[in-house]
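Here's the structure we're looking at; comments come further down.
The values are calculated or read from the model by the stated rules, or taken from the named source; none is laboratory data. Every value quoted in this text rests on a predicted model; they were computed, and no experiment measured them. Using ideal geometry, Cβ is built from the backbone for each residue, glycine included, and neighbour counts are taken over all protein chains shown. To get the accessible areas, we keep the full protein, side chains included, count just its heavy atoms, and leave off ligands, DNA and RNA. Shrake-Rupley method; radii C 1.70, N 1.55, O 1.52, S 1.80 Å.
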Amino acid sequence: MRRSLIVLGGATALAFAPSAHASDKGWNDAGSLARDALVVAAFGVPAAQSDWDGVLQAGGSVGVAGGLSYGLKEAFPERRPDGSDNKSFPSGHTSISFAAAATLQNRYGWKVGVPAQLVAAFVGLSRVEAEKHHVHDVLVGAAIGEAAGFLITRKANDRVQILPWGGTKSGGIAMTMRF
């Protein structure tokens, strides 16, 4: 777990280092760097522990979030605030970042998850500040990422599992515990 925190701490430091630039390009670069650091952490933390199930689950979470975001961009074209193209909705950077953060949190707990979630929130902020996305693009991207991370990733210690469920007329959360 100590190596996990070191990797995540390094990723967090890298993510916030370039954020001192106030320009749109500075925000854009900082957000991209933070997203990349989270993805590296989502794969690197389990790999450092030889947790190959965790690596596969991180790949599934990040892949689903990225794929769903790309599909929604094609289905619902929306002009970016900077006018560069029609791929604003939803924020792919944000969905991938939150998928990586949710994977780390769900797999390894809050000590790893909270810093990762903060970095993911920074990515969302950077996308708005860089004028690449509207606030609603970032919020939907965050929801996609969180859902992918929490639905695809299992806890490393699976004695306690919390699983969402839904039907045509109801939904809820089920908790199971092994003794």
Next item on the list: Say whether the condition of being open to solvent by 10 Å² or more (accessible area, probe 1.4 Å) and assigned to a helix (DSSP H, G or I) is met by at least one residue in the stretch 78-87.
Entry: no
Of the conditions (1) out of contact with any Asp or Glu (no Cβ under 8 Å at 6 or more places or on another chain); (2) modelled with pLDDT of 95 or more; (3) surrounded by 21 or more Cβ atoms within 10 Å (Cβ to Cβ), the single one that Gly54 does not satisfy is (2)
Listed by first then second residue, the pairs whose first member lies in the stretch 127-156 and is among the acidic types (Asp, Glu), whose partner is surrounded by fewer than 16 Cβ atoms within 10 Å (Cβ to Cβ) and in a helix (DSSP H, G or I), with beta carbons under 7 Å and at least 6 positions apart or on separate chains, are Glu131/Asp24
The condition of being of a type outside the set (Asp, Glu), open to solvent by less than 20 Å² (accessible area, probe 1.4 Å), at pLDDT below 95 and part of a helix (DSSP H, G or I) holds, among Ala42, Ala30, Ala65, only for Ala30
Log entry, pairs with first residue in the stretch 52-76 being farther than 14 Å from Leu151 by Cα, second being assigned to a helix (DSSP H, G or I) and open to solvent by 30 Å² or more (accessible area, probe 1.4 Å), beta carbons closer than 8 Å, six or more apart or on different chains, reads Val55/Phe43; Val55/Ala47; Gly66/Ile96; Ser69/Ile96; Leu72/Val140
Condition set charged (D, E, K, R) and out of contact with any Ser or Thr (no Cβ under 6 Å at 6 or more places or on another chain), scope the stretch 48-78, selection farthest from Ala143 (Cα to Cα): answer is Asp51
Taking first residues from the stretch 89-112 that are of a type in the set (Val, Ile, Thr) and second residues anywhere that are open to solvent by less than 10 Å² (accessible area, probe 1.4 Å) and not in a helix (DSSP H, G or I), the pairs with Cβ under 7 Å that are 6 or more apart or on different chains are Thr103/Thr153
All conditions in (1) exposed (fewer than 14 other Cβ atoms within 10 Å of the Cβ); (2) part of a helix (DSSP H, G or I) are true of Thr103 except (1)
Can you confirm whether Leu118 is modelled with pLDDT of 95 or more, open to solvent by 50 Å² or more (accessible area, probe 1.4 Å) and either polar (S, T, N, Q) or more than 28 Å from Lys25 (Cβ to Cβ) (or both)? no
Review point. Going by the conditions given, is Arg35 of a type in the set (Lys, Arg), under 17 Å from Ala142 (Cβ atoms), in contact (Cβ under 8 Å) with a residue 40 or more places away in the chain and in a helix (DSSP H, G or I)?
Key: yes
